[in-house]
Amino acid sequence: GAVVSQHPSWVICKSGTSVKIECRSLDFQATTMFWYRQFPKQSLMLMATSNEGSKATYEQGVEKDKFLINHASLTLSTLTVTSAHPEDSSFYICSAKALAGEGGRYNEQFFGPGTRLTVL
Amino acid sequence: QKEVEQNSGPLSVPEGAIASLNCTYSDRVSQSFFWYRQYSGKSPELIMSIYSNGDKEDGRFTAQLNKASQYVSLLIRDSQPSDSATYLCAAPAGGTSYGKLTFGQGTILTVHP
């Protein structure tokens, strides 16, 4: 149980294009999903918190117009990197938090496998 | 002061030894703590959750929580080379954080044959 998938697992795109990354909780419902970015040999950096049916909450310094987040259902959140540039190349990872108390999983976050984005 | 701090690494242990990873946290009201393992180039994987004082064992892993000392640790018994990874300690960020977690900076563990 507690499986989170991401698609695509890797993507290469040209500068100026937009890329959409999907995050799905496969066997549990997640009212809250999180999007992280990680550069090589660095720590996870939280970008935003995505709540089903409401606007995402972005961390300080993260441009909400550049990183569009949609959380349309209890099992799906998407991150769109708009007008991507080489500096956006990174490892993007989502996580999903199980509903409080579901199966004893209080505050547990389960991570997807990540999406490696390369912008040429 | 960082909210979650892990003991400085990297940590190197021989195969079969016990690896001890430590973490302290600053928010006294935190009720849940997590250990994640992250292999190089992969995403973090939840390996232990602990909510109450004392020890919690799962296979070769034991998490220990001491709320009075604001300290949580992870012991890995009979360490294997496959345990070589970065280990992340995490605790809820607190406040109206919608379940955000605060992560420590990670401890790199190397288990050598």
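No value in this document is a laboratory result; all are computed from the given coordinates. Because the structure is predicted, anything quoted here is derived from the model rather than measured. Counting neighbours? That spans all protein chains shown, and the Cβs are built from the backbone with ideal geometry, glycine included.
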Unmatched cysteines, chain A - criterion: no other Cβ of a Cys under 4.7 angstrom: A:Cys13
Among B:Tyr51, B:Thr86, B:Leu75 the positive-end extreme of the charge dipole of chain B (Cβ point charges): B:Tyr51
Max mean-square fluctuation residue, GNM over chain A, Cα-Cα springs under 10 Å, options A:Gly16, A:Gly61, A:Gly53: A:Gly61
Computed over chain A: relative contact order in percent, which uses C-alpha pairs under 8 Å that are six or more apart: 35 percent
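Averaging sequence separations of C-alpha pairs under 8 Å and six or more residues apart, then dividing by the length of the stretch B:1-65, give the relative contact order as a whole percent.
Working: 70 pairs, mean separation 13.8, N = 65.
With pairs under 8 Å counted, the relative contact order is 21 percent.
Under a point-charge model restricted to the Cβ atoms of Lys and Arg (+1) and Asp and Glu (-1), what is the dipole moment magnitude of the stretch A:4-120 relative to its Cα centre, in debye to the nearest 20?
On the way: 11 positive and 10 negative charges, 40 e Å.
Roughly 200 debye for the stretch A:4-120.
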Mean Cα-pair separation over length for chain B, i.e. relative contact order, pairs under 8 Å, 6 or more apart, %: 36 percent
Candidates A:Lys20, A:Lys41, A:Lys55: whichever shows maximal mean-square fluctuation once chain A is modelled as a Gaussian network with Cα springs under 10 Å: A:Lys41
Sequence-distant residues sharing a close amide H with A:Met47 (under 5 Å, placed H): A:Trp35, A:Tyr36, A:Arg37
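Looking at chain A, how many pairs of lysines come closer than 19 Å at the Cα, when each pair is eight or more places apart or spans two chains? It would help to have the intermediate numbers written out before the result.
Details: A:Lys14/A:Lys66; A:Lys20/A:Lys55; A:Lys20/A:Lys64; A:Lys20/A:Lys66; A:Lys55/A:Lys64; A:Lys55/A:Lys66; A:Lys55/A:Lys97.
Lysine pairs meeting both conditions in chain A amount to 7.
How big is the charge dipole of chain B about its Cα centre, in debye rounded to the nearest 20, if each Lys and Arg gets +1 on its Cβ and each Asp and Glu gets -1 on its Cβ?
Working: 9 positive and 10 negative charges, 49 e Å.
Around 240 debye, computed over chain B.
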Gaussian network model of chain A, springs between alpha carbon atoms under 10 Å - residue of A:Ser18, A:Ser89, A:Ser43 with greatest fluctuation: A:Ser43
Cα-centre dipole for the protein assembly as shown with unit charges at Cβ (Lys and Arg positive, Asp and Glu negative), debye to 20: 340 debye
